[in-house]
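Scroll down for the structure; my scribbles are underneath it.
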Amino acid sequence: MSDTTDLGIEAVSLSLSYDAALLPPAPASTSLDSGILDPTKWTIEQNVGEAGTWNVALATAVGAADSGIPTGGGTLVTVRFAVDAEALNGDASLLSLTRCELNEGLVSSSTVAGVFTVLDVVYGDVTGNGAPTSYDAAWVLGHVAAELAEPGSSEPFPIELTPPVWSSEVVPPHIADIVADVGRDGPIDAGDASLILQYDVGLITVFPELDGAAPTGAPVPLAYTLRGISASERPGAQITVTLDATGVSDLRAGELVLSFDQALLTPVDVSLRRPTSDDPAAKPLLTQREADGRVAVAFASARPIERADAVLDITFEASRSISTTRESAIRASHLRLNGSRIETDFAFPFRIEPFANRLMANYPNPFNPETWIPFELADAADVTIRIYGLGGDFVRALELGPRPIGEHVGRGRAAHWDGRNARGEAVASGVYVYELTAGDYHAVRRMVVMK
């Protein structure tokens, strides 16, 4: 119904006509589930009259203070029919409401007829070419990741946009989901992609959906860990969250969703550990989607992933535009392994501090004959490092020129001193002082030359 607000509906009488040869004489079930009528306040009676006619009567207490009068629009009643076992693909039945009375006609209404069509779907074939293949597995995995990253806005399957070879029309979303859910375990997940891969290479010859087997999801022992590590607390630092599932036996599929502050972090890499085997079949199918501070990762394999390879890394990069110290956390909001949903309260807190002017300890120290002098700049500046003897006599100036904001720590960015004075002579053993000048910033530290 489009809108029942202010109509005061307290009784409904319906008659539905249908093809009794295609749909058995009695409906399998009738319910108010997920509808606009409160099943605790409405009574429902039904009966199959003459063949092909179904009658239902609905009523709530008239004039009661809390009678359950509906508001808004939505489903009034749900009827589920069985389908004739010998029905063929394309067989159809017209569905017509021959009677629709609201409060015995005191509330006006109009009806729209529908058509029920038998559809002989090809399970796993979400692309519609007639056979489930690895391409379908990739589509299913992408669909899973998209739904996890942004619930309610998953990517449509090709069969929802173009008629598949086994249908004359495009497939509605709820049927497309049935086609994709080959594991018959509820929501579409990475395990369905794994089953399609298994089918494509002949590891299985029929899906659980067709052989009547129990759903594929099974409890997974808590033999996994989630951990995080931050390379530093500076802008541009990389933070990696690792899912270690090396303790899960026969791992074929998994999903992980991480929530983060997108003003502070950007996902830059998602990877499974490089296979220890040279067999290209050992590399699982992996995909990811991002939306509104969430990154969703899903992976699937036809064969069990080697335990040593069952390690997933998701790497983030901290924003370089941070002017004040910021604290936040990366949290796991969804984890599923081999079809089993696992509750997790994982959170990795981190801290990002803006760059500051700092002169750091040289390395190695003591040294002979060379050393590196690391430093950090709060702003881009021309940098000079002057070296003096302990008594104040000048030894050498290292003119580094313009250097950008940030850390200059590694041997490729830190200042390098070869242990020689301005004349190119090796200096004697002893304690030396080094001074950093960067704009208005000056800092001094000591180092030791040891022969």
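Quick look at the values:
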| item | result |
| --- | --- |
| Amide H partners (placed H, <5 Å) of residue 107, local residues excluded | 102 |
| Cα centroid separation, region 374-451 to region 108-138 (Å) | 71 |
| Amide hydrogen neighbours beyond the local backbone of residue 329, cut-off 5 Å, H modeled | 261, 350 |
| Interchain or long-range residues, amide H under 5 Å from residue 416's placed H | 373 |
| Hydrodynamic radius by Kirkwood, which averages 1/r over all alpha carbon pairs of the chain, in angstrom | 28.1 |
| Positive minus negative residues near residue 102 (Lys, Arg vs Asp, Glu; Cβ under 14 Å) | -4 |
| Shape of region 134-211, Cα gyration tensor, a/c cut at 1.5 | oblate |
| Axial C-alpha extent at least 18 Å, average Kyte-Doolittle at least -1.0 - helices from the chain (DSSP) | 134-149 |
| Region 26-69-region 300-316 distance, computed between alpha-carbon centres (Å) | 51 |
| Inter-label distance for residue 71 and residue 368, nm, one decimal - labels placed 7 Å from Cα along Cα-to-Cβ | 8.8 |
| Whole-Å semi-axes of the ellipsoid equivalent to region 225-352 (Cα gyration tensor, √5λ, descending) | 28, 15, 12 |
| Average silhouette area of region 11-117, convex hull of alpha-carbon atoms, in square nanometres | 7.3 |
| Region 405-441 residues near the modelled residue 393 label - backbone nitrogen below 11 Å, point 7 Å along Cα→Cβ | 428 |
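Since every read-out is calculated from the coordinates, none of them should be taken as a lab result. Since we're looking at a predicted model, the values are computed, not measured. No Cβ is skipped: glycine too gets one built from the backbone with ideal geometry, and neighbour counts run over all protein chains shown.
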